[in-house]
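Trainee: Have a look at this one.
Coordinate-derived values only; no laboratory data. Note that the structure is a prediction, hence the values are computed from the model and not measured. Note: ideal-geometry Cβ built from the backbone for every residue, glycine included; neighbour counts use all protein chains shown.
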Amino acid sequence: MFSEAVLVRADAMLTALRSQGRMLATAESCTGGLIAALFTEIAGSSDVFERGFVTYSNTAKMQMLGVPRDMLDAHGAVSEQVAAAMAQGALAHSQAQLAVAVTGIAGPGGGSADKPVGLVYIAAMRAGGAPAVQRHLFGDIGRGAVRLKTVDAALELLRPLIGA
């Protein structure tokens with residue numbers, strides 16, 4: 001499912017986290033657990049990958065991650081604010097010291113003029129730090145392609161926080 005290059009990058013991140021004694025959690029919406037699947041594809045990841053939250057619905061984001069309803073109402077699920085809150089919630093509801101969160105519109109429908117298909121927000125943070133959030137416009141390139149590009153971009157955002 002994942003390219004050899006992506007698996008090598010993820011393995012390097014797990015190795016770095018292992019050497020630091022830190023664990024990772026994911027909070028995913030548009031990727032539906034693909035980031036968690038990537039890390040758990042690697043044998044031995046259980047000592048570093050703490051857990052993954054798949055929070056596809058707004059209710060799940062509120063219940064599992066503590067994303068405030070008023071934030072979802074004000075900004076929508078696909079927003080910088082919600083991505084940051086998802087990362088914060090993943091840390092608050094796990095034993096991990098590092099989290100990555102993604103929310104976006106993979107398509108083919110569901111987009112609008114303000115939030116087109118292919119719009120994705122990714123947030124990553126360390127415990128005790130502030131979330132780093134990126135906005136990506138991948139375009140209407142197909143559902144699978146948006147999801148895989150999101151996984152790749154999430155790894156890139158995580159890399160400097162891990163030091164791998």
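Trainee: Go through region 86-129 and give me each residue that's β-branched (Val, Ile, Thr) and either in contact with a strand residue (DSSP E or B) (Cβ under 7 Å, 6 or more places away or on another chain) or over 17 Å from residue 31 (Cβ atoms) (or both). Break it down stepwise before answering.
Mentor: In the first step, residues of region 86-129 are kept if they are β-branched (Val, Ile, Thr); the result is 100, 102-103, 105, 117, 120, 122.
100, 102, 103, 105, 120, 122 - these are the residues of region 86-129 that are β-branched (Val, Ile, Thr) and either in contact with a strand residue (DSSP E or B) (Cβ under 7 Å, 6 or more places away or on another chain) or over 17 Å from residue 31 (Cβ atoms) (or both).
Trainee: Residue by residue through region 15-66, note down the ones that are under 26 Å from residue 120 (Cα atoms), of a type in the set (Asp, Glu) and not in a loop (DSSP other than H, G, I, E, B).
Mentor: 28, 50
Trainee: Could you check residue 41 against (1) surrounded by 22 or more Cβ atoms within 10 Å (Cβ to Cβ); (2) over 11 Å from residue 164 (Cα atoms) and say which number it fails?
Mentor: Status for residue 41: all satisfied but (1).
Trainee: Now a separate question. Take region 40-84 and flag every residue that is of a type in the set (Phe, Trp, Tyr) and closer than 18 Å to residue 24 by Cα.
Mentor: Listed by number, the residues that qualify are 49, 53.
Trainee: In addition: Here are some residues: 164, 99. Which one is buried (at least 21 other Cβ atoms within 10 Å of the Cβ) and farther than 18 Å from residue 78 by Cβ? Can you show your working first?
Mentor: On the way: 164 fails: buried (at least 21 other Cβ atoms within 10 Å of the Cβ).
Among 164, 99, only 99 is buried (at least 21 other Cβ atoms within 10 Å of the Cβ) and farther than 18 Å from residue 78 by Cβ.
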